[in-house]
Structure formats: structure tokens, C-alpha cells
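Working notes for the structure below.
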Ligand code: ADP
């Protein structure tokens with residue numbers, strides 16, 4: 001689904017990403033881990049269209065998307081979850097979801113949630129879809145809450161919900177376990193797995209929480225010093241001495 005080919009990103013003389021190649025298979029939940037400064041965030045920014053690489057190529061579903069901005073990638077079904085912006089915190093949960101298609105290009109609302117016969121009532125369709133997304137995520141009970149009043153974990157679920165409003169194909173998740181309590185973390189893991197299984201979403205996940213990685217991701221790619229050190233099943237990765245050295249050595 002995503003092919004990173006010999007990507008380099010230089011900041012001045014410093015190679016944050018250095019001739020990095022990796023693939024995220026369609027239908028997988030692929031993890032990206034590595035010590036601080038390994039280049040994970042920079043690589044994510046490149047894949048998400050926030051930065052252009054200094055050199056190298058990014059392919060999305062076989063098509064060259066190198067240097068395309070985030071909104072163009074969005075139109076091709078690649079999305080990154082973002083924290084709910086300040087101005088959205090004063091809107092209800094349902095309204096937050098309803099804003100997504102209005103404010104993003106490349107929208108395509110035809111989806112599994114639309115019932116036949118509802119066409120032509122755009123706002124009510126979008127509202128209906130928002131409510132079905134909330135029910136899917138099991139946060140329908142907070143639909144009329146202001147987004148700013150949600151707990152950290154509920155906000156993450158809402159962020160995931162935003163990706164469902166636009167029928168994403170690939171979702172980049174950036175440290176979503178941070179600050180989320182265990183119960184909601186379980187809900188988040190369950191929902192990511194259901195989106196993967198039932199809707200065929202591909203996920204590419206940066207995460208520091210190893211428990212979350214172990215539960216969710218296969219394979220796991222390890223980055224160090226700007227390129228891929230190794231990849232495989234988390235159980236093998238955790239026994240890999242070079243990986244342990246990269247994390248704890250030096
Ligand atoms: P990770 O997410 O794995 O911790 P980053 O991608 O954030 O790693 O950073 C990789 C390296 O690139 C770090 O040494 C960081 O200081 C450097 N870096 C990241 N962004 C910039 C930038 N905009 N300008 C200069 N150096 C940067």
C-alpha cells in the first residue's frame with residue numbers, strides 16, 4: 001500500500017532520514033518503532049505529505065505520490081490522525097465528525113453507512129453517518145458533548161472516527177496511546193482491529209507503548225539512525241540484540 005524507496009531527508013547537513021526503504025502491506029497494521037531521534041516522525045511527515053523528501057520516492061498503492069501535499073493524499077485515501085484543533089473543541093462530537101467532509105478536499109461520502117433512499121439530504125446524511133460512526137466506535141453516548149470535554153482516550157476515538165467519515169484506505173497513527181487510560185486503550189485497539197478486519201483499512205503506526213505495539217502490529221519495522229534496522233514479528237524484534245543495543249546502548 002505504501003512503498004518508501006530510498007528516501008532521504010536532510011536538514012542542513014544532518015540526515016534525519018537516510019536512504020530509507022520500507023513497505024506497508026495492504027491490509028496490514030504495521031508498526032514503526034525505534035529510539036528517539038531515529039527519524040520516525042520525519043518519515044511519517046514525508047509519507048503524510050507534510051514534507052517533501054530530499055531524495056527518494058513514495059508510492060501509494062503503486063502510484064508515485066512523492067511530494068504531494070497532505071490534501072492531495074487525502075483525496076487518495078491516505079489520512080493521518082490529528083489532535084482535535086482548538087476551535088473544534090467548542091463543537092459537539094457529532095458536529096466534529098460532520099465538519100470533516102465539509103473541510104477536506106477529495107471527499108467521497110458514498111459508503112457502507114449510507115442507506116438506499118437517503119440521497120439528496122446532504123446534511124442529514126452526513127449527520128446520520130456521523131452517528132453511525134459514533135455507534136461503531138461505541139461512543140454514541142457522548143455525541144452531544146463538546147469535544148473539548150472528552151477524556152484523552154475519547155478524543156482519540158473521535159480522531160479515529162474522523163477517518164471513518166471519509167472512507168480512508170490508509171491511516172497513519174502517531175502515538176495514539178499517549179495519555180489514554182487502559183480501558184479506552186482497549187477500545188481503541190479493538191476499533192483499529194475492527195476497521196482493519198471489517199473495512200480493510202491499512203494502518204501505519206508510530207507508537208512508544210510496546211504493549212500497544214505487541215497487541216496491534218504485525219509486522220513491526222525498527223528504524224535507527226534514519227533507516228530501517230530490521231523488521232518482523234514483535235516477539236522476534238524484542239529478542240534481537242542489535243535492536244536492544246540501539247535502544248539501550250550507547
Ligand atoms: P523520532 O521521531 O524517531 O524521534 P525525528 O524524525 O523526530 O525522530 O528526528 C530525527 C532527527 O532529525 C533528530 O535528530 C531531530 O533532531 C532531527 N530533526 C527533525 N526535524 C528537524 C528539523 N526540522 N530541523 C532539523 N533537525 C530536525
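Rule-based calculations on the coordinates, nothing more; no lab input. The structure displayed is predicted, hence computed values, not measured ones. Glycine also receives a Cβ, built like all others from the backbone with ideal geometry; neighbour counts cover every protein chain displayed.
Can you give the angle from 0 to 90° between the axis of helix 182-199 and the longest principal axis of the chain, with both taken from C-alpha atoms, to the nearest 10?
80
Taking the 0 to 90 degree range and rounding to the nearest ten, how far is the long axis of helix 122-136 tilted relative to the main principal axis of the chain, both from C-alpha atoms?
It works out to around 60 degrees.
Assuming R0 = 30 Å, can you tell me the calculated FRET efficiency for the pair residue 190 and residue 76, based on Cβ-Cβ distance, to the nearest 0.05? Present the calculation step by step, with values, prior to reporting the outcome.
Values: r = 27 Å, r/R0 = 0.91.
Working from the Cβ atoms, E equals 0.65.
Go ahead and estimate [θ] at 222 nm for the chain from helices alone: -39,500 (n - 2.57) per DSSP H run with n ≥ 4, summed, over the residue count, rounded to 500.
On the way: 9 runs with 92 residues, N = 250.
Calculated mean residue ellipticity at 222 nm is -11000 deg cm²/dmol.
What share of Cα pairs, in percent, lie more than 28 angstrom apart in the chain?
Numbers: 10680 of 31125 pairs.
The share of Cα pairs beyond 28 Å in the chain comes to 34 percent.
Calculate how steeply helix 152-164 sits against the longest principal axis of the alpha-carbon atoms of the chain, using the helix alpha-carbon long axis, and give the answer as 0 to 90 degrees to the nearest 10.
That works out to roughly 80 degrees.
Binned at 5 Å from 0, what are the whole-percent values of the Cα-Cα distance distribution for the range 1-69, short to long?
P(r) for the range 1-69, in whole percents per bin: 4, 17, 29, 27, 16, 5, 1, 0.
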